[in-house]
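In what follows, a structure is listed as structure tokens, so that the remarks can point back to it.
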Amino acid sequence: MSGTATTVIETGASAASPPFVVTGGAGFVGSHLVDSLLAAGHRVVVVDNLVTGREKNLKSALDSGRCEIVRADLSSSPDLPRAQGIFHLASPASPPGYQRHPIETLWVNAAGTRNVLEAARRSNCRVVLASTSEVYGDPEVHPQTETYWGCVNPVGIRSCYDEGKRYAEALSMAYRRVHGVDVRIARIFNTYGPRMDPNDGRVVSNFVTQALENRPLSVYGSGSQTRSFCYVSDLVRGLVALMAVEPIPEGGPVNLGNPKETTVTELAKIVAEITGVRLQTRTDPSPADDPRRRCPDISRARKYLGWSPEVPLADGLRATVDHFRAELGRAVAA
Ligand code: NAD
Ligand code: UDP
């Protein structure tokens, strides 16, 4: 399996078409999305301030000559070019990332989202908003359907992200109702794959890095909490389909995630197997407000997009481990 997602948008790309704008395009998901758009023949403008992204994620994209990067904070009104569509991904996304930058996280989801929606009005183009399963908080309904309103602590340490994304969704719906902006909301569940930052503190990055360094895997709390892990190429295919599809009633929202639920302990076992190390774990405290279960109902994605994930967890993890091995190897060599 290649580390790069290669889904294409089936609309006829031509050199004269305006570019797609990808905010947060230097990040993990964004860079795969950019590669996919370029593979379909489009031009792409990335807007990113690199707060959690890495320019090296865009190396092959920038080498293509059809991608440019605007290094700017989306919260402070950078000039967004005329676009044929805007994918809005800019926001810290890992719990350590957004807890290190709580105000910036709220701001990019508020002011940054407003800038995206105003730019979409000017360009009369569609927007795909990268929202999150975190809008469901610590859900009391399983699996989570889009009609569930969630269970979020509005003042806890995750609230900068959860409430930031809930605000971004609300603002998007207001622009849709008041100005007719065609915005589609993707509620993305845990996604993993090559180009994750080994230091982002997410469970997959931590476990793979720890296993490759032959250290115990840090299980937070009992390890019985669940997540549903989606490989990045599957997610990108879903985001592209959401941009391309005919308008969805009420803008979606549409859950994009893998409905296969896995406990953190199970994940540790699989990572140990794939990296070929003896499983050693250590127990660390459970973070505040850590959701206990998370699993998407993807009926809407199946119905409107004909989408469902295809990459099994073990296959996706193997590709991720290969990438981390190469990246950590380079770091050691340096
Ligand atoms: P990431 O941190 O790798 O990428 C986010 C990108 O946004 C980074 O390149 C960062 O520098 C950029 N950014 C942040 N604030 C910015 C600002 N003010 N101006 C310009 N750029 C800014 O994270 P990711 O995992 O690639 O996530 C991408 C998007 O998908 C995020 O919006 C995230 O909330 C959403 N999402 C991701 C997951 C997941 O599991 N990866 C799950 C749910 C939702
Ligand atoms: N987790 C863990 N060990 C780690 C990092 C995370 O056990 O080193 C747990 C975390 O408590 C959560 C799950 O793994 O229950 C997923 O965490 P992650 O930060 O990847 O994403 P989240 O879904 O919480 O945003």
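So THR265 clears everything in (1) within 15 Å of ligand 2 (Cβ to nearest atom); (2) under 18 Å from the mean Cα position of the chain (by Cα); (3) outside any loop (DSSP other than H, G, I, E, B) except one condition, right? Which one?
(2)
Let me confirm something: among SER75, SER31, which residue is closer than 27 Å to GLU134 by Cα, modelled with pLDDT of 95 or more, open to solvent by less than 10 Å² (accessible area, probe 1.4 Å) and not β-branched (Val, Ile, Thr)?
When all the criteria are applied, what remains is SER31.
Counting only residues that are hydroxyl-bearing (Ser, Thr, Tyr) and in contact with a helix residue (DSSP H, G or I) (Cβ under 7 Å, 6 or more places away or on another chain), which one in segment 127-157 is farthest from VAL181 (Cα to Cα)?
Taking the candidates together, the pick is TYR148.
Looking at (1) assigned to a helix (DSSP H, G or I); (2) within 16 Å of ligand 1 (Cβ to nearest atom); (3) open to solvent by 30 Å² or more (accessible area, probe 1.4 Å), find the lone condition where MET243 falls short.
Here MET243 meets the rest and fails (3).
Sort out which residues of segment 78-92 are open to solvent by less than 70 Å² (accessible area, probe 1.4 Å), within 20 Å of LEU37 (Cβ to Cβ) and in contact (Cβ under 8 Å) with a residue 60 or more places away in the chain, and write them in order of number.
Of the residues in segment 78-92, the ones open to solvent by less than 70 Å² (accessible area, probe 1.4 Å) are 78, 80-81, 83-92.
Now restrict to residues that are within 20 Å of LEU37 (Cβ to Cβ): 78, 80-81, 83-91.
Passing the criteria: PRO81, ALA83, GLN84, GLY85, ILE86, PHE87, HIS88, LEU89, ALA90, SER91.
Within the bounds of segment 110-130, is there any residue that is under 20 Å from GLY251 (Cβ atoms) and acidic (Asp, Glu)?
There is at least one residue in segment 110-130 that is under 20 Å from GLY251 (Cβ atoms) and acidic (Asp, Glu).
If you take just the helices (runs of 4 or more DSSP H) that sit entirely in segment 71-179, which of them hold at least 1 residues that are within 22 Å of ARG300 (Cβ to Cβ) and within 9 Å of ligand 1 (Cβ to nearest atom)?
159-179
Please find, among ALA39, ALA61, ALA26, the residue that is modelled with pLDDT of 95 or more, open to solvent by 10 Å² or more (accessible area, probe 1.4 Å) and not β-branched (Val, Ile, Thr).
Values: ALA61 fails: open to solvent by 10 Å² or more (accessible area, probe 1.4 Å); ALA26 fails: open to solvent by 10 Å² or more (accessible area, probe 1.4 Å).
On inspection, the qualifying residue turns out to be ALA39.
The values are calculated or read from the model by the stated rules, or taken from the named source; none is laboratory data. Quick caveat, the model's predicted, so the values are computed rather than measured. Neighbour counts are summed over all protein chains in view; Cβ atoms, including those assigned to glycine, are modelled from backbone coordinates with ideal geometry. Each accessible area value is taken on the protein alone, full model and side chains, heavy atoms only, with ligands, DNA and RNA left out. Shrake-Rupley method; radii C 1.70, N 1.55, O 1.52, S 1.80 Å.
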